[in-house]
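Taking it in order: structure first as structure tokens, then the write-up.
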Amino acid sequence: MERAEAVHRLKQLEGQDLHILAEQYGVTVTAADGKMNKGWAGHVCERYLGLSANSAQSPNFGSWELKSIPLKRKRDGSLGFKETMAVTMIDPYHVAKTPFEESHLLSKLRKLVIVARIVGVHSGAPTFVHTVTEIDLNGDLYRAVKNDYEIISDCLKDPERGFSHLTGSMGVYVQPRTKGAGHGSTSRAFYARPLFLAQFIDLIE
């Protein structure tokens with residue numbers, strides 16, 4: 001599916017509760033053990049567009065990537081980003097050997113569609129689609145993200161630092177962070193900070 005067609009279809013969901021679609025498509029929001037399926041909203045949007053589940057590092061729609069991010073209501077009533085946005089896993093060997101121009105990170109961020117949804121206080125609360133936004137990474141932001149990638153890559157290539165020295169303090173727009181359950185996880189992924197998301201997502205209602 002071409003991105004323009006997908007955006008047109010997804011915009012029809014603005015203002016709708018994704019829980020209703022989750023039930024329609026059989027997407028599990030909360031598992032039997034009570035834990036929330038973190039990717040459920042994205043899976044709902046993929047089903048809505050006719051894509052089956054996949055975990056490949058290449059963009060999930062070929063030339064462009066679809067992401068879903070949660071927004072939260074602040075105490076003053078305004079909206080803010082609830083968390084950073086997971087982009088793709090960090091394979092230390094691949095990142096150390098691969099220039100930004102050929103990286104999985106760029107392939108995911110180059111052409112994005114982000115579905116931003118307002119979440120409630122718990123996973124069972126309604127979650128309404130706020131906006132559907134197209135993102136094209138170029139210009140100064142492209143160069144800034146490339147610099148973030150190279151900081152992480154340089155750490156991986158440094159024999160005195162390496163994978164274990166990656167920290168969430170690295171990167172202005174994109175950071176490396178632990179991914180996976182529990183504090184003992186050794187997996188790392190690239191995450192887009194709220195500062196990156198704020199370049200594109202309009203939080204005004």
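The figures follow:
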read-out: Single residue of segment 20-37 satisfying the filter (outside any helix (DSSP H, G or I) and of a type in the set (Ser, Thr, Tyr)) that is surrounded by the most Cβ atoms within 10 Å (Cβ to Cβ); value: Thr30
read-out: Qualifying position, being of a type in the set (Val, Ile, Thr) and within 16 Å of the chain's Cα centre (by Cα), among Val121, Val132; value: Val132
read-out: Check on Val129, in contact (Cβ under 8 Å) with a residue 40 or more places away in the chain, of a type in the set (Val, Ile, Thr), assigned to a strand (DSSP E or B) and touching a Gly at 6+ places or on another chain (Cβ under 7 Å); value: yes
read-out: Positions within segment 101-126 being in a helix (DSSP H, G or I) and not hydroxyl-bearing (Ser, Thr, Tyr), in sequence order; value: Glu101, Glu102, His104, Leu105, Leu106, Lys108, Leu109
read-out: Residues that are farther than 24 Å from Phe61 by Cα, of a type in the set (Val, Ile, Thr) and under 20 Å from the mean Cα position of the chain (by Cα), drawn from segment 135-193; value: Ile152, Thr167, Val172, Thr178, Thr186
read-out: Residue within segment 51-60 that is over 30 Å from Pro159 (Cα atoms), touching a His at 6+ places or on another chain (Cβ under 8 Å) and surrounded by fewer than 14 Cβ atoms within 10 Å (Cβ to Cβ) present; value: yes
read-out: Test: residue in segment 61-70 that is assigned to a strand (DSSP E or B), surrounded by fewer than 16 Cβ atoms within 10 Å (Cβ to Cβ), of a type in the set (Lys, Arg) and within 17 Å of the chain's Cα centre (by Cα); value: no
read-out: Scope segment 71-91; condition more than 19 Å from Met36 (Cα to Cα) and either modelled with pLDDT under 95 or surrounded by 13 or more Cβ atoms within 10 Å (Cβ to Cβ) (or both); matching residues; value: Arg73, Lys74, Arg75, Asp76, Gly77, Ser78, Leu79, Val87, Thr88, Met89, Ile90, Asp91
read-out: Exclusive hit being closer than 26 Å to Val7 by Cα and in contact (Cβ under 8 Å) with a residue 24 or more places away in the chain, set Leu166, Leu105; value: Leu105
read-out: Of all residues making up segment 132-181, the number that are closer than 30 Å to Val115 by Cβ and among the charged types (D, E, K, R); value: 9
read-out: Inter-residue pairs, beta-carbon under 9 Å, first of a type in the set (Ser, Thr, Tyr) and in segment 136-158, second surrounded by 16 or more Cβ atoms within 10 Å (Cβ to Cβ) and in a strand (DSSP E or B), 6+ apart; value: Tyr149/Val174; Tyr149/Phe190
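Yes/no per residue for (1) at pLDDT below 90; (2) of a type outside the set (Asp, Glu); (3) closer than 25 Å to Ser63 by Cβ:
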position: Glu5; (1), (2), (3): no, no, yes
position: Gln12; (1), (2), (3): no, yes, yes
position: Asp17; (1), (2), (3): no, no, no
position: Ala41; (1), (2), (3): no, yes, yes
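Okay, residues lined up against (1) touching a Ser or Thr at 6+ places or on another chain (Cβ under 6 Å); (2) aromatic (Phe, Trp, Tyr); (3) surrounded by fewer than 19 Cβ atoms within 10 Å (Cβ to Cβ); (4) at negative phi:
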| site | (1), (2), (3), (4) |
| --- | --- |
| Phe128 | no, yes, yes, yes |
| Tyr149 | no, yes, no, yes |
| Arg161 | no, no, yes, yes |
| Gly171 | no, no, no, no |
| Glu205 | no, no, yes, yes |
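Residue-by-condition table, conditions (1) surrounded by 13 or more Cβ atoms within 10 Å (Cβ to Cβ); (2) among the aliphatic types (A, V, I, L, M):
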position: Glu2; (1), (2): no, no
position: Ala6; (1), (2): yes, yes
position: Leu18; (1), (2): yes, yes
position: Gly39; (1), (2): yes, no
position: His43; (1), (2): yes, no
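The values are calculated or read from the model by the stated rules, or taken from the named source; none is laboratory data. These numbers were taken from a predicted model, which means no experiment stands behind them. Methodologically, a virtual Cβ is constructed for each residue, glycine included, from the backbone with ideal geometry; neighbour enumeration extends over all protein chains shown.
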